[in-house]
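Below: one structure, written as structure tokens.
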Amino acid sequence: MAFMEKPPAGKVLLDDTVPLTAAIEASQSLQSHTEYIIRVQRGISVENSWQIVRRYSDFDLLNNSLQITGLSLPLPPKKLIGNMDREFIAERQKGLQNYLNVITTNHILSNCELVKKFLDPNNYSANYTEIALQQVSMFFRSEPKWEVVEPLKDIGWRIRKKYFLMKIKNQPKERLVLSWADLGPDKYLSDKDFQCLIKLLPSCLHPYIFRVTFATANESSALLIRMFNEKGTLKDLIYKAKPKDPFLRKYCNPKKIQGLELQQIKTYGRQILEVLKFLHDKGFPYGHLHASNVVLEGDTCRLLDLENSLLGLPSFYRSYFSQFRKINTLESVDVFCFGHLLYEMTYGRPPDSVPVDSFPPAPSMAVVAVLESTLSCEACKNGMPTVSRLLQMPLFSDVLLTTSEKPQFKIPTKLKEALRIAKECIEKRLIEEQKQIHQHRRLTRAQSHHGSEEERKKRKILARKKSKRSAVENSEEHSAKYSNSNNSAGSGASSPLTSPSSPTPPSTAVEHAPF
């Protein structure tokens, strides 16, 4: 497909960050092996689910591919003798279910292409590297001065974003990085506005934004070129990782966990907040802050991937902040993601879960104060502070910035309005998703409460009481009827006989009944 060609009609733009869950529903033994029938579900909707059939060998193949992470994953061991016994199959099914639970709840593993293809082959069967190569090759036909040195395989976490090491033919010593990315589910800009804004990115000058050398786009994807930074990203610094290594190898199981020094935390944090404030003031939606989107040049942080929001790509932390209804604007998303980044800079690893109940000892209580304002239960429940508020906090307020470079990013009024509308659409989709998750959580809690052992006991006691009460009421009602019938019979003996055509008035029995 030519680079400037339109995408296929009816193309599905999946949100790759929506979690997949997997439950083994049954197993069936064939002549030489056992197959496991697995129900996979995307998100909270039971209707958005499907069945896959996997053998143990499929699990083993996936596990071998995931060895790059260095994690010790709980795949049940192989067994050659007695592997068709019913008890063994039941036991293995439990082990495989545990394995699925581990990989689907690990934030990095659950988003990787290997796991997605295993659980959802229909939507992840494409060769995204090959697609990217085709697009990039078409681009070079009209831009012959660039040359691909090598693909940078899997250095990012996104399935539909690929990277290539580049050079300019007449400047062979300079290294650049080309990134190609497909559209995402939050692309609300018109094709014309989208392409205009992508081409504006090289004109964005800011001391804390990594400069874009070249940018172009079509109706289905975008291609950008930047200088290659030998030191890598802020995450590479924290994890002591090599920039060219695959994402899974670098970050899944770090060998050494160590946070940054306090002065680094203060300086980098202040610089990142300054650039977020600049973008917010410009009305430019970001929403993609994390340690891999920050490059280091000496003691200076520079933000990457401004194009992500234009492309409509979902955030790395979307599955986290979609749980909290008060984090419903891209500004609040940036602040929440800043909290994650600050935690990682401080402790050398991301938080195990959010919200964070208590924070480990930090180099300064000023750090903990910022973390509490962005990641605590209270913050997630009540909402995020503004970037301006964070800049006023003691951790950052006394940091001196020495840069003399004047920020510059001129966005025409018409495109500003297009950005505003697109931002509102992104936030609307987020709010709707949060509402559905909230309703699902309430329903699940109610069902869990209703099905708990304590509730079952309460219902049994109530049922017994109701049964006794009904029995007493029935007994009293029977006694009353019996008494009334006897009394009616006695009063009827002294009453005049009536023919069938002359019914007795309803008041007669009452009038003659003794009290």
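Could you check the stretch 252-267 and list, in sequence order, the residues that are open to solvent by 10 Å² or more (accessible area, probe 1.4 Å) and of a type outside the set (Lys, Arg)? Reasoning before the result, please.
Start the filter on the stretch 252-267 by keeping residues that are open to solvent by 10 Å² or more (accessible area, probe 1.4 Å), which leaves 252-264, 266-267.
Cys252, Asn253, Pro254, Ile257, Gln258, Gly259, Leu260, Glu261, Leu262, Gln263, Gln264, Thr267 - these are the residues of the stretch 252-267 that are open to solvent by 10 Å² or more (accessible area, probe 1.4 Å) and of a type outside the set (Lys, Arg).
Residue-wise test of (1) open to solvent by 70 Å² or more (accessible area, probe 1.4 Å); (2) under 23 Å from Lys235 (Cα atoms); (3) not assigned by the TED database to the domain that holds Ile272.
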position: Ala366; (1), (2), (3): no, yes, no
position: Glu378; (1), (2), (3): yes, no, no
position: Leu391; (1), (2), (3): no, yes, no
position: Thr402; (1), (2), (3): yes, no, no
position: Gln408; (1), (2), (3): yes, no, no
position: Ala418; (1), (2), (3): no, no, no
position: Ile426; (1), (2), (3): no, no, no
position: Lys435; (1), (2), (3): yes, no, no
position: Glu454; (1), (2), (3): yes, no, yes
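Do we have any residue at all in the stretch 176-190 that's surrounded by fewer than 21 Cβ atoms within 10 Å (Cβ to Cβ) and either outside the structural domain of Lys406 (by the TED database) or over 29 Å from Arg429 (Cα atoms) (or both)?
Yes: one or more hits.
Any idea how many residues of the stretch 208-227 are over 11 Å from Val177 (Cβ atoms), in contact with a Ser or Thr (Cβ under 8 Å, 6 or more places away or on another chain) and either aliphatic (A, V, I, L, M) or open to solvent by less than 10 Å² (accessible area, probe 1.4 Å) (or both)?
2
Can you tell me which residue among Leu237, Leu248, Leu201, Leu224 is in a helix (DSSP H, G or I), within 20 Å of Tyr286 (Cβ to Cβ) and touching a residue at least 40 places away in the same chain (Cβ under 8 Å)? Before you say what the answer is, go through the steps one by one.
On the way: Leu237 fails: within 20 Å of Tyr286 (Cβ to Cβ); Leu248 fails: within 20 Å of Tyr286 (Cβ to Cβ); Leu224 fails: in a helix (DSSP H, G or I).
Answer to the check: Leu201.
Take the residues in the stretch 48-72 that are under 21 Å from Gln28 (Cα atoms), hydrophobic (A, V, I, L, M, F, W, C) and outside any strand (DSSP E or B), then tell me which one is most open to solvent (accessible area, probe 1.4 Å).
Among those that are under 21 Å from Gln28 (Cα atoms), hydrophobic (A, V, I, L, M, F, W, C) and outside any strand (DSSP E or B), it is Leu61.
Which number in (1) crowded, with 22+ Cβ neighbours inside 10 Å; (2) at pLDDT 95 or above marks the one condition that Pro202 misses?
If we test Pro202 against (1) crowded, with 22+ Cβ neighbours inside 10 Å; (2) at pLDDT 95 or above, just (1) comes out false.
Being assigned by the TED database to the domain that holds Leu415, open to solvent by less than 10 Å² (accessible area, probe 1.4 Å) and assigned to a loop (DSSP other than H, G, I, E, B) is the requirement here; does Pro243 meet it?
Values: assigned by the TED database to the domain that holds Leu415: yes; open to solvent by less than 10 Å² (accessible area, probe 1.4 Å): no; assigned to a loop (DSSP other than H, G, I, E, B): yes.
Considered against the rule, which asks whether it is assigned by the TED database to the domain that holds Leu415, open to solvent by less than 10 Å² (accessible area, probe 1.4 Å) and assigned to a loop (DSSP other than H, G, I, E, B), Pro243 comes out as no.
Does Ser315 qualify as being under 18 Å from Arg389 (Cα atoms), assigned by the TED database to the domain that holds Phe194 and touching a Phe, Trp or Tyr at 6+ places or on another chain (Cβ under 9 Å)?
Values: under 18 Å from Arg389 (Cα atoms): no; assigned by the TED database to the domain that holds Phe194: yes; touching a Phe, Trp or Tyr at 6+ places or on another chain (Cβ under 9 Å): yes.
No, not satisfied.
Of all residues in the stretch 408-438, how many are more than 16 Å from Arg318 (Cβ to Cβ) and in contact with an Asp or Glu (Cβ under 9 Å, 6 or more places away or on another chain)? Full working, then the answer.
So in the stretch 408-438, the residues more than 16 Å from Arg318 (Cβ to Cβ) come out as 408-422, 424.
Next, from what is left, pick out any that are in contact with an Asp or Glu (Cβ under 9 Å, 6 or more places away or on another chain): 414-415, 418-419, 422.
The total comes to 5.
For the stretch 312-333, does any single residue satisfy the condition of being farther than 15 Å from Lys423 by Cα and over 23 Å from the mean Cα position of the chain (by Cα)?
Filtering the stretch 312-333 for residues farther than 15 Å from Lys423 by Cα gives 316-326.
Then keep just the ones that are over 23 Å from the mean Cα position of the chain (by Cα); that gives none.
For the stretch 312-333, residues farther than 15 Å from Lys423 by Cα and over 23 Å from the mean Cα position of the chain (by Cα): absent.
Take Ala463 and tell me if it is surrounded by 10 or more Cβ atoms within 10 Å (Cβ to Cβ), at pLDDT below 95 and aliphatic (A, V, I, L, M). Spell out how you get there, then give the answer.
Numbers: surrounded by 10 or more Cβ atoms within 10 Å (Cβ to Cβ): yes; at pLDDT below 95: yes; aliphatic (A, V, I, L, M): yes.
Yes.
Just to be sure I understand, how many residues within the stretch 358-400 are touching a His at 6+ places or on another chain (Cβ under 9 Å) and among the aliphatic types (A, V, I, L, M)?
Going through the stretch 358-400 one residue at a time, the tally reaches 2.
Residues checked against (1) more than 18 Å from Arg420 (Cβ to Cβ); (2) out of contact with any Gly (no Cβ under 6 Å at 6 or more places or on another chain):
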site: Lys169; (1), (2): yes, yes
site: Lys173; (1), (2): yes, yes
site: Leu176; (1), (2): yes, yes
site: Trp180; (1), (2): yes, yes
site: Gly184; (1), (2): yes, no
site: Tyr188; (1), (2): no, yes
site: Asp193; (1), (2): no, yes
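From the residues in the stretch 109-120 that are in a helix (DSSP H, G or I) and closer than 19 Å to Ala181 by Cα, which one is least open to solvent (accessible area, probe 1.4 Å)?
We begin by selecting, within the stretch 109-120, every residue in a helix (DSSP H, G or I); these are 109-110, 113-119.
Okay, now just the ones that are also closer than 19 Å to Ala181 by Cα, so 113-114, 116-117.
On the way: Glu113: 46, Leu114: 69, Lys116: 4, Lys117: 73 Å².
Here the residue is Lys116.
For residues that are closer than 28 Å to Asn253 by Cβ and either charged (D, E, K, R) or in contact with a Leu (Cβ under 6 Å, 6 or more places away or on another chain) (or both), tally how many sit in the stretch 80-101. Talk me through it step by step, then tell me what you get.
Of all residues in the stretch 80-101, those closer than 28 Å to Asn253 by Cβ come to 91-101.
Filter once more, keeping what is either charged (D, E, K, R) or in contact with a Leu (Cβ under 6 Å, 6 or more places away or on another chain) (or both): 91-92, 94, 99.
The total comes to 4.
Out of the stretch 363-386, which residues are touching a residue at least 24 places away in the same chain (Cβ under 8 Å) and over 23 Å from the mean Cα position of the chain (by Cα)?
If the condition is that a residue be touching a residue at least 24 places away in the same chain (Cβ under 8 Å) and over 23 Å from the mean Cα position of the chain (by Cα), then Pro363, Ser364, Ala366, Val367, Ala369, Val370 are the ones that fit.
Would you confirm, using the coordinates I've provided, whether Lys416 is assigned to a helix (DSSP H, G or I) and either charged (D, E, K, R) or within 16 Å of Arg270 (Cα to Cα) (or both)? Walk me through how you get there before you give the answer.
Working: assigned to a helix (DSSP H, G or I): yes; either charged (D, E, K, R) or within 16 Å of Arg270 (Cα to Cα) (or both): yes.
In short, yes.
Kindly indicate the residue of the stretch 358-400 that is aliphatic (A, V, I, L, M) and more than 12 Å from Gly269 (Cβ to Cβ) and also modelled with the lowest pLDDT among those meeting that condition. Please lay out each step first, then the result.
Of the residues in the stretch 358-400, the ones aliphatic (A, V, I, L, M) are 362, 365-371, 375, 379, 384, 387, 390-391, 393, 395, 399-400.
Still in the running and more than 12 Å from Gly269 (Cβ to Cβ): 362, 365, 368-369, 375, 379, 384, 400.
Values: Ala362: 95, Met365: 97, Val368: 97, Ala369: 97, Leu375: 98, Ala379: 97, Met384: 97, Leu400: 92.
Among those residues, the one meeting the criterion is Leu400.
The values are calculated or read from the model by the stated rules, or taken from the named source; none is laboratory data. Computed from a predicted model, the values in this text were never measured in an experiment. Because the Cβ atoms are built from the backbone with ideal geometry, glycine has one as well, and the counts that use them run over all protein chains shown. Just so you know, the surface numbers come from the protein's heavy atoms only, side chains and all, with ligands and any DNA or RNA stripped out. Shrake-Rupley method; radii C 1.70, N 1.55, O 1.52, S 1.80 Å.
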